[in-house]
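The values are calculated or read from the model by the stated rules, or taken from the named source; none is laboratory data. Just so it is clear, the model here is predicted, and its values are computed rather than measured. Virtual Cβ from ideal backbone geometry, glycine too; neighbours counted across all protein chains shown.
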Amino acid sequence: MDAISVIRDKRDRRELSGAQIDWIIDAYTRGVVADEQMSALAMAIFLNGMNRAEISRWTAAMIASGERMDFGGLSRPTADKHSTGGVGDKITLPLAPLVAACGAAVPQLSGRGLGHTGGTLDKLESIPGWRASLGNAELMEVLGSVGSVICAAGDGLAPADKRLYALRDVTGTVESLPLIASSIMSKKIAEGTGSLVLDVKTGSGAFMKNAEDARELAATMVELGQDHGVRTVALLTDMSTPLGRTAGNALEVREAVDVLSGGGPADVVELTVALAREMLAAAGLSGADPERALADGSAMDVWRRMIAAQGGDPSAPLPRAHEQHIVTAPVSGVLTRLDAYAVGLCAWRLGAGRARKEDPVQAGAGVELHAKPGDRILEGAPLFTLHTDTPDALPYAQEALTDAYDIGPSEAFAPSPLILDRVT
Ligand code: URA
């Protein structure tokens, strides 16, 4: 077998055989196939797609490139959630301890932010002392004793995806349905969870801008999970407006703690509870009551123990950026639109995100939203507070907000649902 014939077949729109897929993934992981050859193949897949049989084999080959974890020894059923990424998406933070408080074990292997989307590990690292990297033994220990763990995926899990994802990131081949579905599902299946709930986002702040593409991605991932024995369900959710009232690392941790204290923004609470119900049902725990676990403090108790088990101090004050800048409303009226991508871009430029994987992020940087679509606002009242340690970034960050919102008469506001569909 050779890489050139595999690239030519996909370039000329021929279906790749199982043997070709197994060979190329294995040879790429071992360094036998070069990055430039894999880039050419990724672009051919981006342009010509893959059918379900090819996606399924590609996913299986990426799983086989590394180790598989096994949570069979735990006394509780396992449930995990994966979001395709968005702006202000801090849902994993309250969700993991909430589902654990309701009786499931939640092994949440998470990622970092790239571009305008935030990453769960970056948010949690704003808590003084908290560590993202745990060995497998420590991960098992925290999961067994606390019930939930949020940490970085180890190097042994789907190493083919690690190499390929870094390559896609610099070759314009991220936004490909077969490559996204196989990338996400290879990691989740290798992780060994018994059930999985996918939060597939659509709208300006998501990878999939269009709802039909997002639905197709959700259906492909649900099928991949089920083919590999993982009970999988997906919610299709709106990411045209940011989730909650903050975008940025420590700002979002603060909001997640508000939710665990029984408060927090209505949309964050709605999605957290809906995903918790799905995870609990998939894990066979439909009788549990996530709303009660938020109200009675049991989810907060798991949160505090989870943070402390990973070296963090749950009582420590969170970092605050050195500089705050308020943007006021230019007119009075109702906020009829607030664009997720623009807010994500603004937070990124303020220092909350990174341009390259190795860049540091500012813990305190980000955007606070003083109004959400549907809210009435007066001319001159605060609309956004921008937080940053690098005040030079303020004009460029503020520029991202120029066309980010509309203020108009109340009739111009059309409320839209947060949860658009359920895919099984
Ligand atoms: N997240 C992943 O893990 N992989 C992708 O391809 C896109 C988002």
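Here are a few things to note about the model shown:
- The sole residue among LEU198, LEU243, LEU236 that is more than 29 Å from ASP403 (Cα to Cα) and either outside the structural domain of LEU369 (by TED's automatic domain parsing) or under 17 Å from the mean Cα position of the chain (by Cα) (or both) is LEU198.
- Which numbered condition GLU216 fails, given (1) more than 10 Å from the ligand (Cβ to nearest atom); (2) buried (at least 24 other Cβ atoms within 10 Å of the Cβ); (3) in a helix (DSSP H, G or I): (2)
- Segments classed as strands (runs of 3 or more DSSP E), wholly inside the range 306-424, with at least 2 members that are surrounded by 19 or more Cβ atoms within 10 Å (Cβ to Cβ) and either free of Cβ contacts under 8 Å to residues at least 60 places away in the same chain or in the same structural domain as ARG231 (by TED's automatic domain parsing) (or both): 382-388
- Which listed residue is at positive phi, of a type in the set (Gly, Ala, Ser), away from the ligand (no atom under 16 Å from the Cβ) and out of contact with any Ser or Thr (no Cβ under 7 Å at 6 or more places or on another chain), from GLY135, GLY129: GLY129
- Residue that is nearest to ALA40 (Cα to Cα), among those in the range 144-153 that are surrounded by fewer than 20 Cβ atoms within 10 Å (Cβ to Cβ) and away from the ligand (no atom under 15 Å from the Cβ): GLY144
- Flag for THR237 being part of a strand (DSSP E or B) and in contact with a Lys or Arg (Cβ under 6 Å, 6 or more places away or on another chain): yes
- For the residues ALA101, ALA96, ALA79, ALA60, the requirement of being more than 22 Å from GLY311 (Cα to Cα), more than 16 Å from the ligand (Cβ to nearest atom), crowded, with 24+ Cβ neighbours inside 10 Å and in contact (Cβ under 8 Å) with a residue 40 or more places away in the chain singles out ALA79.
- Only one of ARG13, ARG68 that is outside any helix (DSSP H, G or I) and within 22 Å of VAL174 (Cα to Cα): ARG13
- Residue satisfying all of: in the range 160-193; within 23 Å of LYS90 (Cα to Cα) and outside any helix (DSSP H, G or I); farthest from the ligand (Cβ to nearest atom) among these: THR193
- Qualifying residue in the range 253-274 (condition: in contact (Cβ under 8 Å) with a residue 60 or more places away in the chain, farther than 30 Å from HIS322 by Cβ and part of a loop (DSSP other than H, G, I, E, B)): no
- Counted residues, the range 177-213 - those being more than 25 Å from ARG68 (Cα to Cα) and touching a residue at least 40 places away in the same chain (Cβ under 8 Å): 9
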